[in-house]
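The values are calculated or read from the model by the stated rules, or taken from the named source; none is laboratory data. Nothing here was measured: the structure is a model prediction, and the numbers come from that model. Cβ sites come from the backbone with ideal geometry, for glycine too, and all protein chains shown count toward neighbours.
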Amino acid sequence: MASPYLVDTHCHLGDAAFEPDRDDVLTRARAAGIGHVVAIGESLAGSERAVALARGRQGLSATAGVHPHEAREWSPATAARVRELLTAPEVVAVGETGLDYHYLHAPRESQRAAFEAQLAFGVELGKPVVVHNRESDADMAAILRGFEKAPPVVVLHSFSSGDDVWDAGLGINAYFSFSGMITFKNWNRTDRLSACPPDRLLVETDAPYLAPGPWRGKRNEPAYVRYVAEKLAEIRGRPLAEMAAITTANAARLFRWEL
Ligand SMILES: [Zn+2]
């Protein structure tokens, strides 16, 4: 069977882990049927790197934003540069932003301020916002529910949150992006995989992190997004080709690509 056409909607391609062999990684992805990779910006420098990687490259796009771990670097100058990057044609989304109260690399207040500012960019510029959430469900759900006007299009990335965030996400018609976590033996929320509306489903690697099943603990890479799609297909009882077609069409609609 030919490889299905899949999209890795979330890869930290600019990470130092890919420095030695980034081109080989992309070649392997192509060979595995991964037609498009979204390179995620997680800091100002990381966003500059992601944008530079994607510029003029077919099958590569970038995001620009500041991760909650880096929220201390959010300032008027950072915000202005992120906003500028967001207007570049290869930049398809804001982020990665969000909240992370597990590591608390930045204080909660700084995380919330940076997150809300980036959500506002999503509304203003009409671009989706890629959202990270870890152990911050109450604040995350409150923020997602709190939009007075139309919310931005939100992607809940590497989704593994509780009911509160799930319900808030459904309430604003968010996309749910699943990662290699769904292949881990301790993943006990297969109900999420079945219940997610088909037009809101996405797959991602979050590489170099969260390598799926057989590669757990090793460096992850875009080619492995196939394992995520296979798990999704298994749980939803659908053929892999159909899951690939659905998630790829969702990514194209979300990021406004021509297929
Ligand atoms: Zn990420």
Please verify whether His12 is surrounded by fewer than 22 Cβ atoms within 10 Å (Cβ to Cβ) and either within 13 Å of the ligand (Cβ to nearest atom) or among the hydroxyl-bearing types (Ser, Thr, Tyr) (or both), treating the condition exactly as stated. no
How do the pairs read when you match residues in the stretch 244-259 that are in a loop (DSSP other than H, G, I, E, B) with residues anywhere that are surrounded by fewer than 20 Cβ atoms within 10 Å (Cβ to Cβ), using Cβ under 6 Å and keeping only pairs 6 or more apart or on different chains? Leu259/Ala252
Scan the stretch 226-237 and give yes if some residue there is closer than 30 Å to Asp24 by Cβ, touching a residue at least 60 places away in the same chain (Cβ under 8 Å) and touching a His at 6+ places or on another chain (Cβ under 7 Å), otherwise no. no
Going by the conditions given, is Phe115 within 28 Å of Leu232 (Cβ to Cβ), assigned to a loop (DSSP other than H, G, I, E, B), within 16 Å of the ligand (Cβ to nearest atom) and not hydroxyl-bearing (Ser, Thr, Tyr)? no
How many residues are among the hydroxyl-bearing types (Ser, Thr, Tyr) and in contact with a strand residue (DSSP E or B) (Cβ under 8 Å, 6 or more places away or on another chain) when one looks only at the stretch 79-127? 3
Which of the numbered conditions does Ala62 fail, given that it passes all the others? Conditions: (1) in contact with a strand residue (DSSP E or B) (Cβ under 6 Å, 6 or more places away or on another chain); (2) within 21 Å of Gly180 (Cβ to Cβ); (3) without any contact (Cβ under 8 Å) to a residue 60 or more places away in the chain. (2)
Counting only residues that are touching an Asp or Glu at 6+ places or on another chain (Cβ under 9 Å), assigned to a helix (DSSP H, G or I) and modelled with pLDDT of 95 or more, which one in the stretch 208-234 is farthest from Ala17 (Cα to Cα)? Ala233
Across the stretch 120-129, what is the number of residues that are assigned to a loop (DSSP other than H, G, I, E, B) and either more than 18 Å from the chain's Cα centre (by Cα) or within 16 Å of the ligand (Cβ to nearest atom) (or both)? 1
Do you know which of the residues in the stretch 130-154 that are part of a loop (DSSP other than H, G, I, E, B) and acidic (Asp, Glu) is nearest to the ligand (Cβ to nearest atom)? Glu135
Candidate set: the stretch 36-85, residues that are β-branched (Val, Ile, Thr) and farther than 13 Å from Leu13 by Cα; chosen: the one nearest to the ligand (Cβ to nearest atom): Val66
